[in-house]
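Take a look at the structure set out below.
The values are calculated or read from the model by the stated rules, or taken from the named source; none is laboratory data. These numbers come from a predicted model, not from an experiment. Here the Cβ positions follow ideal geometry from the backbone for every residue, glycine too, while neighbour counts run over all protein chains shown. In case anyone asks, the SASA skips ligands and DNA or RNA and just uses the protein heavy atoms, side chains included. Shrake-Rupley method; radii C 1.70, N 1.55, O 1.52, S 1.80 Å.
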Amino acid sequence: MLIKKPADIPPSEITSPALYARRREFLKSAAALGAAAIWSPLEPLRAADDDLKPTPYKDITAYNNFVELGPGKTAPAQYGGNLRAKPWTVAVEGHCEKPGQFGLEDFLKPHQPEERIYRLRCVETWSMVVPWLGVPLNQILPRFKPTSDAKYVEFTTLLDPARMPGQKTRLLDWPYVEGLRMDEAMHPLTLLATGLYGKELPDQNGAPLRLVVPWKYGFKSIKSIVKIRFADKQPRTTWNLEAPDEYGFYANVNPAVDHPRWSQKRERRIGDFFKRDTVLFNGYGDQVAGLYAGMDLRKQF
Ligand code: MTE
């Protein structure tokens, strides 16, 4: 996903190939008409109310990061399709009174997935708006009765190279792992998603169960979860293990903290031509800033 230097990333990788092609066409015709004079006055006219306009289904499901299904943005959609070959089990472990193995339906029971339209900001500086279907994690976790030692929650993705061809490579140290502090996990915005656009989650988006933490960079939103562990210490996380100087445990969207190899000040919403300013906590600051009171978010990035 993120190991390339900016100069190595072709524009075609920063957005979907179809959009890229359309932009190329637009650029060509705009250039013919005297581009600069035409574009710049348009930017302030970008509708402010498009902030939560859902990105088209085809873009959300064709432009993905899911290294287990393949590198690059199009491989996950291409090599998905086999994740739900078996019934799905979620193991709950660690510091809790009621650990166990649960079939997916039992794990979610009695909660019905609800729709939540969230912005998602990827560390690679693209963003989208996704109408998720999911159950807030804070409705699910209390059932397992976490003890006072449960300070963090660790999540683990399925490890099965037969169903996830990317795991036959050494692109990452498998299985993918992520973690949240307990208060982040229990925040009402934190979702366990089971679908999008009213349908079941496609494999490439993390079927059948993925985390969504909308105020953090996309890599925190771990896909195809098979294990949840209540931990007393900060869990290891895949991208932090891979490149600790580049990807912190907190990974809060923060335009003031650049990635060491590129700026995080602006982002390109999939489907937009112009970039827009990135907002602290991805625009969810009113709800989540209090979680980080007193912390230096430049050090704990
Ligand atoms: N989860 C797993 N297991 N493997 C991954 O490679 N990629 C992450 C995250 N969750 C990833 C993952 C990254 S970098 C991003 S930006 C989001 O998934 C992308 O989610 P999307 O493809 O649904 O947009």
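Please list 3J(HN,Hα) in residue order for segment 285-296, calculated via the Karplus relation 6.51 cos²θ - 1.76 cosθ + 1.60 where θ = phi - 60°; whole Hz, with x for glycine and proline.
Going residue by residue, I get x, 4, 7, 10, 4, x, 5, 10, 4, x, 8, 8 Hz, with x marking Gly and Pro.
Of all accessible surface on segment 248-295 at a 1.4 Å probe, what whole percent is carbon and sulfur? Mind showing how you got there, number by number?
On the way: 1090 of 2070 Å².
C and S fraction of accessible area: 53 percent.
For a protection proxy built on the mean count of beta-carbon atoms within 10 angstrom, sort 227-233, 173-179, 289-295, 80-86 highest first, please.
173-179, 227-233, 80-86, 289-295
Take Lys168 and Leu297, extend 7 Å from each Cα along the Cα→Cβ direction, and tell me the distance between the two endpoints in nm.
Result: 4.3 nm between the two label points.
For segment 243-258 and segment 47-109, what is the separation of their C-alpha centers, rounded to whole Å?
About 23 Å separates the Cα centre of segment 243-258 from the one of segment 47-109.
Report the extension gain between Lys145 and Asp277 in nm, rounded to one decimal, defined as 0.36 nm multiplied by the number of residues separating them, less their alpha carbon distance.
Extra length available between Lys145 and Asp277 comes to 43.4 nm.
Count charges around Pro142 for me, please; just the other residues with Cβ under 14 Å from its Cβ, Lys/Arg as +1, Asp/Glu as -1.
Net of charged neighbours comes to +2.
I want to make sure I understand the PRE zone here: with the label point 7 angstrom from the Cα of Lys98 toward its beta carbon, which residues in segment 129-148 have backbone N atoms less than 12 Å away?
Answer for this model: 140-146.
Mind checking which lysines have their Cα closer than 19 Å to the Cα of Lys58? Skip sequence neighbours fewer than 8 apart in that chain.
Lys73, Lys199, Lys223
Taking the Cβ of Thr194 as the center, what net charge do the other residues with Cβ under 14 Å away carry, scoring Lys and Arg +1 and Asp and Glu -1?
Around Thr194, the surrounding residues sum to 0.
Which pairs in the list Lys86/Lys220; Lys53/Lys216; Lys168/Lys216; Lys145/Lys265 are over 31 Å apart, alpha-carbon to alpha-carbon?
Among Lys86/Lys220; Lys53/Lys216; Lys168/Lys216; Lys145/Lys265, the Cα-Cα distance tops 31 Å for Lys145/Lys265.
What is the sum of charges, Lys and Arg at +1 and Asp and Glu at -1, for the other residues whose Cβ falls under 13 Å from the Cβ of Asn252?
+4
Please list the non-local residues whose amide H lies under 5 Å from the amide H of Tyr176, H modeled 1.01 Å from N, same-chain partners needing a gap of 5 or more.
Long-range HN contacts for Tyr176: Thr157.
Points 7 angstrom from Cα along the Cβ direction at Glu105 and Ile117: gap in nanometres?
For the pair Glu105/Ile117, the computed spacing is 3.2 nm.
Ala231's amide H: which non-local residues (gap 5+, or another chain) put their own amide H closer than 5 Å, with H modeled 1.01 Å from N in plane and none for Pro or chain starts?
His95, Lys151, Tyr152, Val153, Glu154
Between Asp183 and Asp258, 0.36 nm times their residue separation minus their Cα-Cα distance comes to what? Spell out each step's value before the answer.
On the way: separation 75, 0.36 × 75 = 27.00 nm, distance 2.55 nm.
Between Asp183 and Asp258, full extension yields 24.5 nm more.
Using the Kirkwood formula over every pair of different C-alpha atoms, what hydrodynamic radius in Å results for segment 13-292?
Result for segment 13-292, one decimal place: 19.7 Å.
Hey, how many Å between the Cα centroid of segment 173-215 and the Cα centroid of segment 262-301?
19
With label points built 7 Å along Cα→Cβ from the Cα atoms of Asp50 and Asn82, find their separation and express it in nm.
Distance between the two pseudo-spin positions: 3.9 nm.
May I ask you to list the trypsin sites (Lys or Arg not before Pro) in segment 105-184 that are in a DSSP loop and have at most 12 other Cβ atoms within 10 Å of their Cβ?
Within segment 105-184, the qualifying trypsin sites (Lys or Arg not before Pro) (loop, at most 12 other Cβ atoms within 10 Å) are Arg170.
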